[in-house]
Amino acid sequence: MASLNIPPLRIALFGKPGAGKGTQAEALKGAFGLAHLSSGEILRSEIREGTLLGRKVEQYVLRGEIGPEDLITEAIIGYIERKHSSGGYALDGFPRTLYQAEELDGRFPPDLCLLIDISDEEAVKRLSGRYTCVSCEKIYSTGASGKPAVPSCERCGGELRRREDDTPEVIRRRLRVYMEQVVPVISRYREKGLLETIDGALSPRLTGKKIASVIAGKISGNRGFLA
Ligand code: AMP
């Protein structure tokens with residue numbers, strides 16, 4: 001799809017692990033020219049490269065916990081500042097705590113927040129049956145065989161693996177962190193009138209269409225038409 005000539009929107013995507021934030025953020029790249037900024041992906045790449053930040057956060061990421069807040073907040077906001085301060089983007093996984101939201105709002109306040117809503121059961125089902133490309137993080141669901149339909153990543157040829165934090169115990173912890181830490185952030189943006197909720201139980205294509213229509217409404221100033 002051709003990119004549209006639109007003002008640089010700053011979007012924050014919310015949703016339980018497995019809701020499809022990453023998939024939808026990738027779709028927004030093509031449809032609206034928004035960069036996809038995944039805090040989890042940024043942290044995993046720091047871990048792979050063995051940087052100081054990577055070494056400090058590794059155990060937290062493996063356990064599905066929020067790590068040292070000030071370090072992570074500084075790293076993600078610094079990343080926005082260096083690479084995306086004048087362009088539009090979709091944040092995926094950030095902000096995840098009220099502290100992070102306050103810091104973000106002070107520097108790069110979101111124009112629109114989207115909650116992709118799924119049940120806990122759906123989250124567990126999706127995370128338990130997904131493979132991720134170790135290089136570009138494209139996600140692959142599994143069929144009846146329990147394996148993805150392709151042997152390696154169709155986008156970059158990378159190896160497909162289960163993510164180390166997609167185990168039943170860590171999934172439960174990530175859902176608990178979501179309820180305790182992220183839900184108050186979502187309430188904050190709802191109170192500010194910035195939040196739109198989208199049914200994430202639909203197919204990725206239909207969810208994407210709803211998201212695109214909310215964004216189009218935001219751009220044209222014609223909000224609230226999502227029945
Ligand atoms: P995600 O890829 O969004 O599922 O994130 C994977 C893991 O990275 C999380 O379980 C956390 O351990 C860590 N993480 C990602 N984003 C943040 C954040 N904004 N604040 C703290 N930890 C984060």
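The values are calculated or read from the model by the stated rules, or taken from the named source; none is laboratory data. Everything numeric here is computed off the predicted structure, so don't read it as measured data. Neighbour counts run over all protein chains shown; Cβ positions are idealised from the backbone, glycine included. For accessibility, only protein heavy atoms count, side chains too; no ligands or nucleic acids. Shrake-Rupley method; radii C 1.70, N 1.55, O 1.52, S 1.80 Å.
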Stretch in the chain that is longest and holds no GluC sites (Glu not before Pro) that DSSP places in a loop and that have at most 15 other beta carbons within 10 Å: 1-153
Under a 10 Å cutoff between Cα atoms, tell me which one of Arg82, Arg172, Arg96 has the largest fluctuation in the Gaussian network model of the chain. Arg82
Out of the total accessible area of the chain (probe 1.4 Å, heavy atoms of protein only), what percent is carbon and sulfur? 51 percent
Per residue value of the accessible surface for the range 156-218 (all protein chains in place, 1.4 Å probe), Å²: 55 Å²
Regarding the chain, what is the average projected area of its C-alpha convex hull, in nm²? 12.4 nm²
Cα-projected label distance for Ala35 with Arg63, points at 7 Å along beta-carbon direction, nm: 3.2 nm
So which trypsin sites (Lys or Arg not before Pro) in the range 116-163 are both in a DSSP loop and have at most 14 other Cβ atoms within 10 Å of their Cβ? Arg155, Arg162
Which of these, Val124, Val150, Val134, has the largest mean-square fluctuation under a Gaussian network model of the chain (Cα springs below 10 Å)? Val150
Measure off 7 Å from each Cα along the Cα-to-Cβ vector at Lys83 and Ser135, then give the distance between these two points in nanometres to one decimal. 1.7 nm
Potential extension, Glu102-Arg173 segment - 0.36 nm per residue separation minus Cα distance: 23.2 nm
Hydrodynamic radius by Kirkwood, which averages 1/r over all alpha carbon pairs of the range 161-227, in angstrom: 14.4 Å
Which log10 I(q)/I(0) values does the range 1-89 give at q = 0.11, 0.19, 0.25 Å⁻¹ under the Debye formula, counting every alpha carbon as one identical point scatterer? -0.36, -0.96, -1.30
